[in-house]
Structure formats: structure tokens, C-alpha cells
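Read the structure below first, then the notes.
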Amino acid sequence: MLISLQWLREFVPYTGTVQALADRLTMQGLEVEAILDPFESISAIVVGRVLECDAHPDSDHLHVCSVDVGAGEALQIVCGAPNVAKGQLVPVARIGAVMPDGMQIKKGKLRGVASHGMICSERELGLSEDHSGIMVLPDSLTPGVLLVDALGLEREVLEVSITPNRADCLSVLGIAREAALGFGLPLSMPKLNLIEDVSAGHAAEAVRLEIADPELCPVYRARVLTGASIKPSPAWMRHRLLAVGQRPINNIVDVTNYILMELGQPLHSFDRGLLKGGVIRVAPATPDMKGGMAITTLDGQERKLLASDLLIWDAERPVALAGVMGGANSSISDASTEVVLECAIFRPGTIRKTARRLALPSEASYRFERGVDQVGSVFALERAAQLMAETSGARVMAGVAVAEPKPWVDREQIFRIAKCNALLGLELSPEFCRVTLTGLGCHVDDSDPVCWRVASPPHRLDLEREVDLFEECGRVHGLDRIPAVLPKISKSLDSAQTSDTVFGFLQALKGWAAGAGLREAINYSFVGADDLDRLNLPEEGRIRIANPLSEDQNTLRTEIAPGLLNNVRHNLSQGNGSLRLFEIAKAFREDAASDTGACENSRLGILVHGPRHAQEWPWEQGEADYLDVKGLVENLLTHLRLGPAGFVLDPGHPYLEPCVRVELAGKNGVALIGRIGRVQPKIADAYHARKDVWLADLDADLLRELSRAVKPAFVSLPKFPPVRRDVTIICPADLRAEQVEAAIRELKPKNLESLVLVAVYAPEDKADAKPERNLTFRLTYRHADRTLVDKEVDKEHGKVLAGLPQKLPVRI
Amino acid sequence: MLKSFLEGLDGLTLECEARRGQACSLKDLEALRVEFLGRKGKLAAAMGALAQMGPEDKPAAGKKANEVKNALGSLLESRQAELDAAATQDALSGFDPSMPGRRPAAGSLHPITLAMQEICEVLTGLGFEVVSGPEVENDWHNFEALNMPPDHPARDMQDTLYVSDRVLLRTHTSPLQVRTMLSRKPPVAVIAPGKVYRRDSDLTHTPMFHQIEGLLVDRNVSMGDLRGTLTAFVRQLFGANTNVRFRPSFFPFTEPSAEVDISCVMCGGAGHIGNEPCRVCKKTGWVEILGCGMVDPNVYRAVGYDPEAVTGFAFGLGVERVAMLKYGIGDLRMFFENDVRFLEQFS
């Protein structure tokens, strides 16, 4: 909301600086975001007098002028405008001045004659669309004075951010009230001087009003003017509208905009000559069964209507979208002479619905949505009619056509000062509260000193409860002056389990991952459906965004992988080749059983790609592979005191190949913790990854549940020494290590404490033989109560050596 | 006899002195030791004569023999020290302390996580408990219960991403206020960190960002308590000299509502650094950091609390904003590109 300081001063005699006003308003809850100079772009233009004006020797339309700009010698300026003449006062852009369109005035020659500046048209100055000739200024001005000063243009405009509750501040009047309150100044309204002309007729006879539903339109008033002549508004009004960002149109429309900005009351003017039947009817749209009904608004767009849209009708057809925009069929044109001036109140929710559906927010709808002062609207109509008469020469018919099926009723709240002080943490005096509330326009009845009765003013639609009055007292006192204390709350110290939160677990998981040398990524929760399709993920169960910002953000991710893969693409494009990333975030799937329709599952994604070690020497070089990512998963499970896990091939995964299921045996059978795998090279290629991309996708919620059930338990350290025996098994290359391990365990060697794979050797393939590899296992034997002797270990180990080749196609 | 005995011993000393330099290794030196001091060595052989000496000569001979033994011993020892020193020298000759260490991969937490953890630590230290909830929310929890009925203009403050008419991506962490109060009786003191979503994307907005919501409800909680809590909070987060300013504002679910500014972390509230205007606070000396207020009675009604019996406050802040201020990150989009060169700065 732009507020002109000059305009504001017509309502309140504020004499301080614009900055002091801005600071005060900000601390009263009306945040001033900027202080603007609306005519900064023409601040270098000066007033000049045309001393001489001769025809250009070499042109039939150019003039060579000598212009007095106050200081120094008169400037020679070549001017092409048809209306330039000796003796005129004109706006002059001197050498070096920058015009609103960005053009800088330079010394130049026009057809051989030097020109030291430019005489400007209104359009060149951004003051109007008029480019028929140069702007001719009133003769009372002095050459050399800055144009902005000579015309009294507004130099100080506040840009105020108005919160949705403060509809009353969407006007000069509203901000003036706040300034008056803040600085203890009186507020004065403009003097009304509306002259009615009975001979022109009576408004109530000229227009008959009908309101279908009082809830949708509690009041509709209209003034009728006759004999208007449509032309540009006077300069002061145009300049003032320009200063607050409104484009002047003509004297009738400008007055409606002027009153909107000044008093916050949206008005609409109809060409009465185009209204049929002398009737104005306020009623919802009536689309037929096929939904066919439309209105062409005054911007020329055809708008399809629903039964929820409120319209203004004449005797035959809709003529305006109530509170949103007028219709093209009844709008003021240059030929109009008869005007019906509408001043009404519409139901906020209805206006908002229509404006939003049609994506047609207007200054009017913005105010109606937030609520307009039903009582104050009377004054707005009178002042608008007066200004219209003054600027258009129209005669105002006697009286007002009024339909007010739902008159304004004062709202009264109780106000308990003790409760106010308790809530704010202040000790405000009754005197302060009374002065504050009265200053806001409230009527205060304090006959009961404990519980006052307070009627709030009609322009403060937001003051409808006791707590709203508390806020006002706090706001006017200054929230920043409330003493800070630390709360003494009766919260129990017995907060067992409170440290065991989902958030805490996920943070701990992040701590593990960072410690394990992974870098945390955070990606958007939504991806494009394409991102999921690329991974061959099912359509079923996806949650789509109904109104996405873009197609690449239209679906909630059903897996953690898409975001991490996008990070691969970004990093590779930046030359970051060695990637060790993790992300903890939710995956979303449809779930009819959930109250939000979504199942949200926290996932831990781990991605490794490229060189295993970002550092080269002294590490042995190699590309990250399955064992790297599996090792991370095993390390995590150990960290969470879980496992050992089963790692089971899972063929046919949509985007991983190979894909390995990570399983944990639990009380309720085998739990699927997640999957590890390599992104299929064809898919990885789409992310520009030429090397293998290894991923782990684990269920963080499940990990939390399982790990919470496990508590560390101490086992006595062994007292007697172990005996270690290694055995190397030559086996077919496709025999899995876990099969050998299982076979050894099945042989049940006594006193076997542990069994680990310590070496793998793959001899070169012989052409005629099946590929083989050598697996060396270390078996550790130990007895809890005594030292084992070699003989008994030999016996047990012998069972393994002898038994294995019988169970598996292996040699020892 | 005594004389030749003594001369012989002196000769041993001289010989050992002459030859010890030739011992170039510990092995050579050991051989030399055995030759002179061994059980069958030269000293032992010379000592053999001692037995045949008369009692008058024995003390002098014995004394001399001991002296020579010690002398030989120290000659060999000093050579040993020389050799040890040389050996150490050799061993260190290939040692280069400037070689790069074998560094395990370094991991890192995302700056948003770092900021969030710090905020949560401060607040849990003040006694708040962390709660979590769904990111896909229904309209009632996200808006209606928070005093934002359908078609209320306050909904304009938060452009919403919808899944369906009644289901949306939560636009703030405030639904956790509702969920918490529905499931617990007062007193309640919780914080809710998490992801939130708005239909907004430009230089200063991303469609997903992170918030932390705080809620404290009890009997007789005042706005002074809110000021005290938030002042303590921002001072722990940004330093003890941080100034705090409360500006009246509007949020549908609090009344009164305020926005909290802190003195600019870049210029210390001066509005300029040297002669340069401060870009972080745009010369104002203040930066907006959070929104807060006293919980609106309508919210209590929605969750079944008695607004006459309890009062409380709520506050919310953006984690990205805190991270940007704390770490001097200028570009919001960096957060979600996950460029490794960005991430590793937070190791």
C-alpha cells in the first residue's frame, strides 16, 4: 500500500520527518517497507521559459528555441512539437538529465543546428499519455525551479505492508488514524460541500435497487449524476494518483480510484445511458445446466461464471462482477454523460472466491475481501459525488438511492483490565486503556471497573473479541516495552522418554553418517513424475501435487533415490567426481488408512560414486563398489547394535542391478531393512554418470524401532587363550561365501568361537576349466573354562576339512 | 712380573682404543667385546697371571685389572652410542613429516541441519521437548484449527501446494501445535522442527524450506514470558550482545502477534560497516528473525482447551534464514543444489 505523505497531512497535522513517521508506524504494527520518491525519475527537469522560437532553417516542422532555465545563458534547444511558442513556460531536460525511459539527454545537432536539451511532453515525463505536443506550464512559475517543486509533486511516499487483519489501513484515512493515535494528533475529515440539484431529478426515482440476499450485500447506495463531460482529471488529482501507483483514466473513473485510495471505499461508476430498465439488482449468477454464463469485464476479457459469483444486474443482464470488476457493457466511455455511482458492501468470502477463481485481484476486491466500513461508506459516496461534480461539471440528482437490508449493528465486547495485564505481562492503568480504546474509536462503558463494556468502531472489523482489545492496548503501549521475564511454568521434570524422539534418532543417524565420511544432502520432497518414471517406479501409490510450481516438482518422491541422483548430475557437471552422499528424508506413498491419505516413511539414502578415496596417494586407488556401500550399511547396523544382517540377491528391481535386500531376523520374522544396489548403467547414464553409482536405501523408521529394542549387554571377557586355524577352500567362482560359511557351521565343530573370511584369491582362469576362487577362512576355537590342547582342536578342525568337500563342490 | 702384567693391561686398552673405530656395526662391536671382555677374551687371559702373583703385588694388579676392565667397557660403550646414533640417523633419513596423511573420508552435516541442531539444543536446554509430525497435512490441522477458516484472506499469506481439496503440504510447522494440544493436557512446552512447503519460488523463496515452531501453554503465561524466552534464545544463538525488538504484526493463530527483529549480525546494529551501508540489514540495523504471539483463544477452542483457564505463546522461525545469517550464505538456492564444494565447507 502506497501512502502519500502530502495526502496524509490533509487528514492529520503531522509536521515531523517521513522517517520518524515510518518508524512509529512500523512499531505500531504497520511495517513501512520503503520510503519512495515517486517522481525521482523527473527530479532533474526544470522550468524554462521560451524566449525565442524561430522556424528551423532546414526543416518544415522543427523549431529553434532559446530557453531561459534560470541560470546562465539561455539554452538553444531544437524542438519538434507543433505547439511550442514564444513566451511559454515549459519543462526542460538539460544536458545530462536522464528521462524516465532511461534515455540520457546529450548535446546534439538536429539538421545542422546544435540543441542543448529537450522540451518535454507529458508522456516523456510519465505524467500522462499525452504526446500531442510539449507540456505547457502555468504562467505563474519561475524559470530555473525544479519541475517537481513547481508543480508541488509528492516527493515522499510510504510503502506500507498491511497485514490481512488491518483492512481499515488500506487507505490514507486509515494510516492517518494510526498516525493521529501514534503522535497524539487530531484527525480531521475533508469538508463536504455536495450541491444537489433537485431539478436534475431524484436518485431514488432514477434507479430502483433490489438486493437478492442481505448476507451477500448488506447495503447498496447509489448517487446519480447527469450532464457529465468526460475528460482528463485536473492535474493535482492525476499527479496524486500517479504518486501512489494509479494510472489516471478520466475524471469519473479517477474519482472512484481517488476515493478508494483516500477512504478505502471501493466505488463503481456505470454509464446510466447503458443500464436498461432503471434497475440495479444485486444477485448471484445463474449459469444454466451446461454451466454457460459469462460476462465481459471492462478489461475486455470474457469471464465464465458460477452460481457462487455475485453480480450486479440491470433489468436484463449482468453489468458488473460485484466488488471485483465492472462489465464492458456499462462502463464509462468518453461519450458518457449520465453516471450511476455505486457505493456498496459485499460479503468478503464471496468476493474473495470469485477474485481468486478468476485470478482477477483488483484494488476493489482486495478491500472487499478484507472488509469495508459500512458506516463510513456514506461519507465516501458523498465525497465522491462532490468530486465528480466538480471535475466533470455534472449535476447531482437529489438524494441517494439506498437499499440497506442489513444495517450495521455495533459490536460490544467485555474488557477485563486484569486479564489484559496478565496476558501482556504489563501493568497498564485504567486511564491508559480508556484513552487508548477511545482513541481507536471505541465506545467505553466502564461503569463496572472490573469488566468494562467496549463497543468497537465500524471501521475496525478486526476488533470482535476481548483479546483483540488486549492486543490494541499492547500495540499502542509498545510490545517492545513489555519487560522480559523467563516463564515459570509448572512443567514436570519427569520427562522420561522425552529424549527418545524420532527427531533425536534421525539426528543421531545423521551424526553416524557424517562420522562415516558421508556428506549430507537435502533435496526437495517433490520431484517430477519423469524422475520417478526414469527409475521405472510404479505409478501406483504416487502422491501428486494438484497445483505444482513446475512439472519437475509435481510428485512427492516415493523413494529417496531421485534426489540423490539429481545431485550426482549436478556434481558431475561441476567436476566433482568422487561422491559420498547421504540424505535422510521422507518417502511418500498413498495410504487410504492415514488421515492425510499419505504414508510417510523416513528413509536413509546413501550414494557412492567414483574414486573410493577423494585423496589419491597414499590410498590404493579404486572405484567405489558394492563392498564400500555394504560396508557402510554393516557399520551402521553395528553402530545400532543390530545384525548380523542377511544380504540376499533381489532380482528384477526397477532400477538397481544387482540389487541386494538387507534383512534382519527379528521376533516377528525377517524384517526388510532396505536395499543396496548399483543403479542400472542405462539409468545412471541419464544422470551423466559413466562410472557405477551404488546406492543404499534403508528404512530409518524401522531401524529406529529395531534399535530401540536392543540394549547393550555385557559378556565376560574370555579367560583362556584361543587356537586359530586357517583353511583355504578352492571353490567354483559362483559359490557364495555365505554358503561355505553355512556348511562349516553345519558341521558343528566344537568350541568354534568365530568364523571369518580373511582372504580371497581368484587364480587366473584356465581355458578348459570352470572359473574358481580360493577363500581362506579363519576359525577361532576357544573353551570358556580351560585351555584347549592341540589334539582336540585338530580333531574338530579335521571334521571341517573332511566334511566340507562332501557338502560342497570344493577342494581344500 | 707385576710390571709386565701392568704393561700388558695397558696394551689391551691401547689396542681396544685403536680397533674400536673399525667396528662399524653392532655385530662387529659385539665381536670386539667378546674378544676383549668375553669369558675367554683377552682381559680374562691376562687376568690368568693374577693367580700366580705374590700377595704384595696382588692389590695393585687387581686394582689395575679393574681399571682396565672399566676402561674397555666404556670404550666399547661409547662406540655403541656412536653406532646407535648413526643407526637412528639412518632410520630417519627416509622419514618425511610433510607427506600427506592417510585421511579417512570426511563427512559433513548440511548447514541447515547444523543450524537446526543448534536451535534445538538451545530450546531443549530451555526445557522444550521435540515433537514431529506429518508433512502431508489436512486443511483442518494446517489452517482451520489455527483460526484460518476457508476463504479467509490470511490464507493469502501462505501460498499453498495442494494434494487435493482438503489435503496439502503443510505450509508451516504450526499444525504440530494443534496435534500436540489435541494429544496432551497443559502444561505443554514443545518445539517442532521440520520441512514446510509454499507455492513460491524466487531469489528469496524456495518451495521447500525448514521451520522450527515453539509452543508453551500453561496457566498465567504472559507476553513478558514470551519476550524473556525469545530474548534468551536469540542471545544464545547469536551472542549475548544481541538486541531484540518486538514489532506488532499479525498471525491468525496468535493474538497479540509480533515479529521479532534482532540487531544485525553483520554490522552489529549500526546499519553500516565502515562507510559502506550494510547489505544484510539494508541499513536498518535490524534483521527479521521470527514471528510469535500469544496463542489465539480460537486455537484453544479448536483443540478443546479452555481459553479462560490457560494462556500460552507460540513462535516460529525459518532455519535457512538462521543458517544464512550464521554462516554468511548469500544465496538461498545453494542449500538445495548439494554441490560437494558447498557441503564440504561445513565439515
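The values are calculated or read from the model by the stated rules, or taken from the named source; none is laboratory data. In this text the structure is predicted, and so the values were computed from the model without any measurement. Methodologically, a virtual Cβ is constructed for each residue, glycine included, from the backbone with ideal geometry; neighbour enumeration extends over all protein chains shown.
Worth pointing out:
- You will find that of B:130, B:163, the residue that is closer than 20 Å to residue B:190 by Cα, β-branched (Val, Ile, Thr) and within 7 Å of another protein chain (Cβ to nearest Cβ) is B:130 and no other.
- Test: residue in the range A:399-417 that is among the acidic types (Asp, Glu), within 30 Å of residue A:474 (Cα to Cα) and in a strand (DSSP E or B): yes
- Selection count where residues are under 20 Å from residue B:19 (Cβ atoms) and in a loop (DSSP other than H, G, I, E, B), scope the range B:34-78: 4
- The set of residues in the range A:208-235 being part of a loop (DSSP other than H, G, I, E, B), touching a Gly at 6+ places or on another chain (Cβ under 8 Å) and crowded, with 22+ Cβ neighbours inside 10 Å consists of A:228 alone.
- Selected residue [at the interface with chain B (Cβ under 7 Å from one of its Cβ atoms), in a helix (DSSP H, G or I) and of a type in the set (D, E, K, R)] from A:475, A:569, A:580: A:475
- Restricted to the range B:289-307, and to residues there that are within 9 Å of another protein chain (Cβ to nearest Cβ) and without any contact (Cβ under 8 Å) to a residue 60 or more places away in the chain, the residue that is surrounded by the most Cβ atoms within 10 Å (Cβ to Cβ) is B:297.
To keep it simple, each residue is scored yes or no on (1) farther than 30 Å from residue A:378 by Cα; (2) more than 9 Å from chain B (Cβ to nearest Cβ).
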position: A:421; (1), (2): yes, no
position: A:436; (1), (2): no, yes
position: A:462; (1), (2): no, no
position: A:468; (1), (2): no, no
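- Some residue of the range A:547-557 being hydroxyl-bearing (Ser, Thr, Tyr) and either away from chain B (no Cβ under 11 Å) or out of contact with any strand residue (DSSP E or B) (no Cβ under 8 Å at 6 or more places or on another chain) (or both): yes
- Picking from residues in the range A:665-685 that are modelled with pLDDT of 95 or more and of a type in the set (A, V, I, L, M), the one that is surrounded by the fewest Cβ atoms within 10 Å (Cβ to Cβ) is A:672.
- Number of residues in the range A:779-795 that are closer than 23 Å to residue A:716 by Cβ and not hydrophobic (A, V, I, L, M, F, W, C) equals 8.
- Count of residues meeting criterion [in a helix (DSSP H, G or I), more than 27 Å from residue A:365 (Cβ to Cβ) and touching a residue at least 40 places away in the same chain (Cβ under 8 Å)] in the range B:153-191: 8
- For residue A:401, the test of being within 14 Å of chain B (Cβ to nearest Cβ), among the small types (Gly, Ala, Ser) and more than 25 Å from residue A:173 (Cα to Cα) is failed.
- Subset of the range A:367-393 [within 14 Å of chain B (Cβ to nearest Cβ), assigned to a helix (DSSP H, G or I) and buried (at least 23 other Cβ atoms within 10 Å of the Cβ)]: A:368, A:369, A:370
- Flag for residue B:148 being touching a Gly at 6+ places or on another chain (Cβ under 9 Å) and in the same structural domain as residue B:298 (by TED's automatic domain parsing): no
- Selection of the range B:195-226 for residues being touching a helix residue (DSSP H, G or I) at 6+ places or on another chain (Cβ under 8 Å), over 20 Å from residue B:156 (Cα atoms) and within 10 Å of another protein chain (Cβ to nearest Cβ) yields B:216, B:217, B:220, B:222, B:223, B:224.
- Of the residues in the range B:333-340, at least one is of a type outside the set (Val, Ile, Thr), at pLDDT 95 or above, surrounded by fewer than 20 Cβ atoms within 10 Å (Cβ to Cβ) and within 23 Å of the chain's Cα centre (by Cα).
- Verdict on residue A:248 being assigned by TED's automatic domain parsing to the domain that holds residue A:368, touching a helix residue (DSSP H, G or I) at 6+ places or on another chain (Cβ under 9 Å), over 24 Å from residue A:376 (Cβ atoms) and part of a loop (DSSP other than H, G, I, E, B): yes
- Restricting the search to strands (runs of 3 or more DSSP E) fully inside the range A:18-74 and requiring at least 1 residues that are without any contact (Cβ under 8 Å) to a residue 40 or more places away in the chain gives A:46-55, A:63-68.
- The set of residues in the range B:133-152 being within 9 Å of chain A (Cβ to nearest Cβ) and in contact (Cβ under 8 Å) with a residue 60 or more places away in the chain consists of B:135, B:152.
- The single condition among (1) touching a residue at least 12 places away in the same chain (Cβ under 8 Å); (2) in a strand (DSSP E or B); (3) surrounded by 20 or more Cβ atoms within 10 Å (Cβ to Cβ) that residue B:322 does not meet is (2).
- There is no residue in the range A:617-630 that is among the hydrophobic types (A, V, I, L, M, F, W, C), within 19 Å of residue A:508 (Cα to Cα), within 11 Å of chain B (Cβ to nearest Cβ) and buried (at least 21 other Cβ atoms within 10 Å of the Cβ).
- Among the conditions (1) within 30 Å of the chain's Cα centre (by Cα); (2) under 24 Å from residue A:440 (Cα atoms); (3) surrounded by fewer than 16 Cβ atoms within 10 Å (Cβ to Cβ), residue A:28 misses just one, which is (3).
- Extreme residue, surrounded by the fewest Cβ atoms within 10 Å (Cβ to Cβ), among residues of the range A:512-546 that are more than 8 Å from chain B (Cβ to nearest Cβ) and in contact with a Phe, Trp or Tyr (Cβ under 7 Å, 6 or more places away or on another chain): A:536
Conditions tested, residue by residue: (1) in contact with a strand residue (DSSP E or B) (Cβ under 9 Å, 6 or more places away or on another chain); (2) in a strand (DSSP E or B).
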residue	(1), (2)
A:93	yes, yes
A:96	yes, no
A:114	yes, yes
A:118	yes, yes
A:130	no, no
A:133	no, no
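- Put simply, of A:66, A:121, A:115 the only residue that is buried (at least 16 other Cβ atoms within 10 Å of the Cβ), closer than 20 Å to residue A:153 by Cα and among the polar types (S, T, N, Q) is A:121.
- Apart from one condition, residue A:564 fits all of (1) surrounded by 20 or more Cβ atoms within 10 Å (Cβ to Cβ); (2) in contact (Cβ under 8 Å) with a residue 40 or more places away in the chain; (3) farther than 30 Å from residue A:615 by Cα; the exception is (3).
- Subset of the range A:200-239 [more than 26 Å from residue A:251 (Cβ to Cβ) and without any contact (Cβ under 8 Å) to a residue 12 or more places away in the chain]: none
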